[in-house]
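Please read the structure below before turning to the comments.
No lab work stands behind these numbers, since they all come straight from the coordinates. Since the model is a prediction, treat every value here as computed from it, not as a measurement. Please note: Cβ atoms are built from the backbone with ideal geometry, for glycine as well, and neighbour counts cover all protein chains shown.
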Number of protein chains: 2
Amino acid sequence: MTEEHPQELRAAPRTVISVDAMGGDRGAAAVVAGISLSATKNPDIRFILHGQRDELERLVARRKPLRGRVEIRHADGVVTMDAKPSHVMRHGQDTSMWSAIDSVRNGEATVAVSCGNTGALMLLSIMRLRKLPGVNRPAIACLWPSRNPGGFNVMLDVGADVRADERDLLQYALMGTSYARNGLGLERPRVGLLNVGTEENKGRAELKAAHDLIDAAAESANYSFVGFVEGGDIPSAKVDVIVTDGFTGNVALKTGEGTAKLLSDFMREAFTATPLSKMAALLAYTSLRRLKKRMDPRRANGGVFLGLNGTVVKSHGASDATGVSAAVKLAFELAQSGFTERLAARVAASNATEPESVRELAGGSKR
Amino acid sequence: MTEEHPQELRAAPRTVISVDAMGGDRGAAAVVAGISLSATKNPDIRFILHGQRDELERLVARRKPLRGRVEIRHADGVVTMDAKPSHVMRHGQDTSMWSAIDSVRNGEATVAVSCGNTGALMLLSIMRLRKLPGVNRPAIACLWPSRNPGGFNVMLDVGADVRADERDLLQYALMGTSYARNGLGLERPRVGLLNVGTEENKGRAELKAAHDLIDAAAESANYSFVGFVEGGDIPSAKVDVIVTDGFTGNVALKTGEGTAKLLSDFMREAFTATPLSKMAALLAYTSLRRLKKRMDPRRANGGVFLGLNGTVVKSHGASDATGVSAAVKLAFELAQSGFTERLAARVAASNATEPESVRELAGGSKR
């Protein structure tokens, strides 16, 4: 029997990712193309794909790398981009998003990936997976291209909740530390708190309180606290984890993306402006390609929901195959590192202000 | 007598700008170089320069374009970048910043320009110039490179006050409209309110209230309200004025600057990476130079304080000659358009929610 299924044998330490195939701006075709890309690069990955069975079977059949590595789960409904999260929560049982999250809830998959409606995905994730004991507000963490050797910084919250008090911000610092440790391989991440100035007397009152809480927990949770940082420091090499509320974080994330898009467009125009500049673009082809890749927002695709019994990765709504593949790669890496279990086991019924629990919430040291 | 002073005659409609020569990161030399650049380009401009007389006389004497066009006012003290604004307010009477603002207060100059400590400049400006009747929180407006034909959008508040309730946000919309009309020449500016989504049910409670207030005032104040906009829309062509609180605006501004800086560095690296790419850079010299100019943050230098009896332009602390010159140009244009008087006369003792006063606060139509 085993002889007849050599592929399954070889894939013994395989990781299963649950993927919501519907609800992205580009439909199921982009999602299937994306997971196919991931399957080609990564022999250890398997998928449970949620959505319209007929459409998905047709799309998957066309992709050789997906042969025998995808299980399709039929779901009739789709969560649209303009759906009200509260409505989806009450009436979305038949949707591919619900089904994708439930595969993580049931333990069939380690991480779920979706390109759909962020608000609905967050609310469904909280409802189906439940918050970790001790976590008040879950957060979405994103990777931000930076000057650090690894090429990325972590920022959270970028949109799970528009509010956050000082204790929430402390939890973000702890969860962000754990993410940076498991996702970026940093032993002792440097944490900064986003503010409008680096002086301690600046900014909102809750930020001063958060400053002191995060400072006090640094030693026991094994991170360095660099204090307040400003918007300009987000891509800098002086910090690894940037902590902020979901309103500010979301505005900053989209402002950064918008600025990068504007400059990319300016650059494209500059290199198609004259015959001479076109020739120059040809000459600098390799350098420009590397630059384009470095600036490509799809590389950093994937917001990770932190603070739940299970990990969910939100891929950009407009993700194409490359974007989906990047989100799947991130999901795979988090699954492999045992991130969910590590965070979950250590949070336990912790009270984040007790040094011992603080250390646990921050994910401890690498094993 | 007039025959002997032909230069003064020619400059009859001259505009006087009050300049704080000290307190910037690069010292008085950069400031004097900057105003010299402005003087070269603009024959109608005069300066009152505040700071250490000896140093300034020496610096000014070296610049031919400044001959006969600068009056130096001695001030012993300098407001340092790390000075506490409240301390400056109590003990800063001898500083160049105080003196520069007082030239506007006394009516000797139309607009003041400073590269110094933003918090101190704001506090001193409020104390010496006083808020316009009817204005609760003054705001700092900045120009943001955009896809609009004029090349810039207006955003406010970018850091005068970390708080803003719905009525403050309405005032920002009205003041921003006036700035866009007088500074960018837009007859009916499009106003957007910064949020984390464009749906009306998203974001913080005060933003929903502000949404309704700004919407209701649009007709009488002669602007179009495009509703909520997101961070990615700040440089877009779908809006001219972006309204937000000073905390969010400051983070967005610095995030945008930081992102632009990161990408510029990436680009420079790409074009010095290999001999081939260096050759390409040479070939595309003109296009790259235009691109560099387009991306140059110094071009958009100058935050304008709105809501006071007098106009103050805050130049970036690290401004070089080009940056200072851009801030002076902005100050000159605002002075020429009669912006201060227009805003002041029309705000009067207005109650911003009354349609008539709303129209006045927004600067009315162009004369």
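Some points to look at:
- Of the residues A:Ala112, A:Ala180, A:Ala318, the one that moves most in a GNM of chain A with alpha-carbon contacts below 10 Å is A:Ala318.
- Sorting A:Glu230, A:Glu341, B:Glu257 by the number of Cβ atoms found within 10 Å of their own Cβ, with the fewest placed first, yields A:Glu341, B:Glu257, A:Glu230.
- Pair-distance profile P(r), taking every C-alpha pair of the protein assembly as shown, with 20 angstrom steps and integer %: 17, 45, 31, 7, 1, 0
- Across A:Val304, A:Val324, A:Val60, mean-square fluctuation computed from a Gaussian network of chain A (C-alpha pairs under 10 Å connected) peaks at A:Val60.
- In this structure, the amide hydrogen of A:Arg69, modeled 1.01 Å from its nitrogen in the peptide plane, lies closer than 5 angstrom to no residue at least 5 positions away or on a different chain.
- Most simply put, the protein assembly as shown has about 30% antiparallel DSSP beta bridges, counting only bridges with both residues inside it.
- Computed from the C-beta positions of A:Asn136 and B:Ser264, the FRET efficiency with R₀ = 51 Å rounds to 0.80.
- Chain A: relative contact order in percent, alpha carbon pairs under 8 Å with at least 6 residues between: 23
- Net length available on complete extension from A:Asp54 to A:Thr322 is 94.1 nm, with 0.36 nm assigned per residue and the Cα-Cα distance removed.
- Order of B:Ser236, A:Ser224, A:Ser287, B:Ser125 - criterion: other Cβ atoms within 10 Å of each residue's Cβ, fewest first: A:Ser224, B:Ser236, A:Ser287, B:Ser125
- Considering only the stretch B:4-112, percent of DSSP beta bridges that pair antiparallel, nearest 5: 0
- Anisotropy class of the stretch B:1-129 from Cα gyration tensor, a/c 1.5 cut: prolate
- Of B:Lys64/B:Lys293; B:Lys84/B:Lys208; B:Lys254/B:Lys329; A:Lys41/A:Lys238; A:Lys64/A:Lys314; A:Lys292/B:Lys238, pairs whose Cα-Cα distance is over 24 Å: B:Lys64/B:Lys293; B:Lys84/B:Lys208; A:Lys41/A:Lys238; A:Lys64/A:Lys314; A:Lys292/B:Lys238
- 12 Å beta-carbon shell around B:Ala160, net charge (K/R +1, D/E -1): 0
- Over the stretch B:92-164, Cα pairs under 8 Å with separation of 6+ residues give a relative contact order of 22 percent.
- Within chain B, DSSP assigns beta bridges of which about 30% are antiparallel (rounded to the nearest 5).
- Positive minus negative residues near A:Val60 (Lys, Arg vs Asp, Glu; Cβ under 12 Å): +3
- Ranked list, fewest to most other Cβ atoms within 10 Å of each Cβ, for B:Asp94, B:Asp245: B:Asp94, B:Asp245
- The same position B:Gln93 in the other copies lies at 7.8 nm from this copy, comparing label points 7 Å beyond Cα toward the beta-carbon, shortest first.
- Remark: relative contact order (the stretch B:1-129) = 31 percent; criterion is Cα-Cα distance under 8 angstrom and separation of 6 or more residues.
- Averaged over the residues of peptide A:232-241, the number of Cβ atoms from other protein chains lying within 10 Å of each residue's Cβ is 3.
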